[in-house]
1. Whole-Hz Karplus ³J(HN,Hα) for region 195-203, in order, using 6.51 cos²θ - 1.76 cosθ + 1.60 and θ = phi - 60°, x for Gly and Pro?
2. Just the number: Rg to Rh for region 58-150, Cα atoms, Kirkwood Rh, two decimals.
3. Given a Förster radius of 45 Å and the C-beta distance between Ser137 and Glu80 as r, what FRET efficiency does 1/(1 + (r/R0)^6) yield to the nearest 0.05?
4. Specify the longest stretch of the chain that does not include any exposed loop site, a site being one of the trypsin sites (Lys or Arg not before Pro) with a non-H, G, I, E, B DSSP assignment and at most 15 other Cβ atoms within 10 Å.
5. Please pull out the direction-averaged projected area of the chain, using the convex hull of its alpha-carbon atoms, in nm² to one decimal place.
6. When only alpha-carbon atoms count, how far does region 1-105 stretch along each of its three principal axes, as whole angstroms with the largest first?
7. Looking at region 6-262 only, what percent of DSSP beta bridges run antiparallel? Nearest 5 please.
8. Compute the longest continuous run of the chain that contains no exposed GluC sites (Glu not before Pro); treat a site as exposed when its DSSP state is not H, G, I, E or B and it has at most 13 other Cβ atoms within 10 Å.
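Every read-out reported here was derived from the displayed coordinates using simple, explicitly stated rules and does not represent laboratory data. These numbers were taken from a predicted model, which means no experiment stands behind them. A quick note on method: Cβ atoms are made from the backbone with ideal geometry, for glycine too, and the neighbour counts reach across all protein chains shown.
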Amino acid sequence: MSLDKVKHIVLVLSGKGGVGKSSVTTQLALSLSLAGHSVGILDIDLTGPSIPRLFGIESSRVQQAPGGWVPVPVHSASPEAGIGALSCMSLGFLLRERGDAVVWRGPKKTAMVRQFLSDVLWGEIDYLLIDTPPGTSDEHISLAETLLKTAYPGQVAGAVVVTTPQAVATADVKKELNFCKKTGIYVIGVVENMSGFVCPNCSECTDIFSRGGGEAMAIEFEVGFLGRIPIDPQFVMLLEAGRTPVYPVGTVINGENFGPRESGD
Ligand code: ADP
């Protein structure tokens, strides 16, 4: 099993699409890697795999080794700088054309998720972050079944649930928390993304979509609240320019307002 040497597995979930689940996954991965941990990202959002685009490595291809797929490196470890290696695996790397749509029935998706869990050569890594599709679909069920059957005690650290303040008002994100409860997956906590907009001129934070819904929901479900991330126009600008924004370590965990840094700073 290719996950044998992975120390911690963290699932990143969201009730709806577009709330910033993949963005939070990449920022969490970068934060952990900048803190010196070795990290892998497994993108099982089969119908909308966006991790390769978020790292600006869509044209990379996965190498096939005798024992399985070799994940695509985002950067290698730099022990002198205290940075851990970061690599990722996504269906996006396997599609012939970037815009190719995946129209698969449940059994094919299930088979692909199982293959991703068993055939990727992660090696010894500290964290594997699994970016899942929005909602609770076939992919989630096969993921939970396979992981809970094969993981060793303590390996599945749990789930981080991403929401926006207004998405909390819908039932979708609560379904996500109920899914974790039913399958016995521990919820590490909730992240409230796009929580307010910090004016670049006066630094005042305007709560465009209201604020605090994620925290209230975390209290209601008795799970942790990890923090808020404001809407940051620079984040989108950097992504569009093919440069992944690297936020300071601990941003998501501490939930403070922050300014972006560019890769390589
Ligand atoms: P999901 O994975 O939930 O579908 P994405 O991570 O792909 O969502 O984000 C959707 C869009 O919102 C992307 O264009 C992304 O750049 C943007 N985005 C996400 N979080 C923020 C943020 N805090 N500030 C500004 N833009 C954001």
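1. Values, residue by residue: 9, x, 10, 8, 5, x, 8, 10, 6 Hz.
2. Radius of gyration over Kirkwood radius for region 58-150 works out to 0.99.
3. Approximately 0.55, to the nearest 0.05.
4. So the longest stretch without any such site is 106-242.
5. Projected over every direction and averaged, the Cα hull of the chain covers 14.0 nm².
6. For region 1-105, the Cα spread along each principal axis is 44, 37, 27 Å.
7. Expressed as a percentage, antiparallel bridges in region 6-262 total about 25.
8. Between the exposed loop sites, the longest stretch runs 1-96.
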